[in-house]
Amino acid sequence: MIALRTERLILAPLGADDRDDFVAYRRDPDVARWQSWTPEYSATDADALLGGQPTRFPPPAGEWLQIGVRDATSGALLGDVAVHTLADQPDTYEVGVTVAAEHQRRGVAGEALGAVVAELFDDHGAHRVIAMSDQRNAAVARLLTGLGFRHEGRAVEADWFKGEWTTLDTWAILARER
Ligand SMILES: CC(C)(COP(=O)(O)OP(=O)(O)OC[C@H]1O[C@@H](n2cnc3c(N)ncnc32)[C@H](O)[C@@H]1OP(=O)(O)O)[C@@H](O)C(=O)NCCC(=O)NCCS
């Protein structure tokens, strides 16, 4: 299973003990706005997700694994990186990232996501790693660009999401591009 240490962070799968901190940042409307869940995200929702986590990294085809991002000094949960193993292509992964509002803009997402992407390419033979984002999400566009993701495509008003048509950007890195 994945266990990474970066300069400031420790990354390891989220577990049942993380539930309350996980629920707290998922309920933040400014965080939920860009993600699949809503500010009504509950402890029951979190129990179901955390209790059903895959037990290996990368996760089995078609599944997601939520990796907790912790402050290496305090142990506080700052956010998570999610990894999805695509079912329809070999060695292809989708990633997502969330950082609690009070810990944003300190380079946490860049450090954490960068470490997970490197792990996928260097230790697990990834061919391609992708990320999807809402066109209006400036923070994630900047984050992904900084990590070397290529802006690969834009599907205009393609996704009926939270009551409106949204435009989706696709980002990718190939192993040979690193
Ligand atoms: C996107 C998100 C993960 C970024 O986390 P973070 O820890 O603040 O990011 P970092 O501090 O590593 O910053 C990465 C880059 O994004 C920029 N950035 C961060 N927040 C930004 C914002 N609100 N607006 C514009 N740029 C922003 C930083 O300046 C930095 O750019 P630089 O490297 O050129 O200086 C965080 O804002 C978040 O969790 N948002 C809600 C959930 C979400 O949108 N997730 C992504 C969906 S896949």
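The values are calculated or read from the model by the stated rules, or taken from the named source; none is laboratory data. Predicted model only: the values in this text are computed from it and were never measured. All Cβ positions, glycine included, derive from the backbone under ideal geometry; neighbour counts span all protein chains shown. In case anyone asks, the SASA skips ligands and DNA or RNA and just uses the protein heavy atoms, side chains included. Shrake-Rupley method; radii C 1.70, N 1.55, O 1.52, S 1.80 Å.
Taking 0.36 nm per residue of separation and subtracting the Cα-Cα distance, what length does fully extending R33 through A3 add?
Details: separation 30, 0.36 × 30 = 10.80 nm, distance 2.91 nm.
Result: 7.9 nm gained on full extension.
Solvent exposure of D47, expressed as accessible area, is near 70 Å², computed with a probe of 1.4 Å over the protein chains only.
When the alpha carbon coordinates of the range 4-126 are projected onto the principal axes, the ranges are 35, 31, 25 Å, largest first. Pairs of Cα atoms nearer than 8 Å and 6+ residues apart set the relative contact order; for the chain it is 17 percent. Close amide-amide hydrogen proximity is noted between V97 and A82, each under 5 Å apart and 5 or more residues distant or on a separate chain (H modeled in the peptide plane; Pro and chain starts excluded).
Measuring nothing but protein heavy atoms, the accessible surface of the chain at 1.4 Å probe radius is 48 percent carbon and sulfur. 3J(HN,Hα) along the range 4-12, derived from phi through the Karplus expression 6.51 cos²θ - 1.76 cosθ + 1.60 where θ = phi - 60°, amounts to 10, 10, 10, 3, 10, 10, 10, 10, 7 Hz, with x in place of Gly and Pro. Given the convex hull of the Cα atoms of the range 63-178, what is a quarter of its surface area in nm²? Averaged projected hull area, Cα only: 8.0 nm². Between A115, A141, A158, the residue with the greatest mean-square fluctuation in the GNM of the chain (Cα pairs under 10 Å linked by springs) is A158. Among beta bridges from DSSP that stay inside the chain, the antiparallel ones total about 90%. Accessible surface area normalised per residue over the chain is 52 Å², counting heavy atoms of protein chains with a 1.4 Å rolling probe. Residues in the range 49-62 carry Karplus couplings, in order, of 5, 5, x, x, 5, x, 9, 9, 10, x, x, x, 3, x Hz; the curve used is 6.51 cos²θ - 1.76 cosθ + 1.60 with θ = phi - 60°, and Gly or Pro positions show x. All other residues whose Cβ lies under 15 angstrom from that of G153 are scored, Lys and Arg at +1 and Asp and Glu at -1, for a net of -3.
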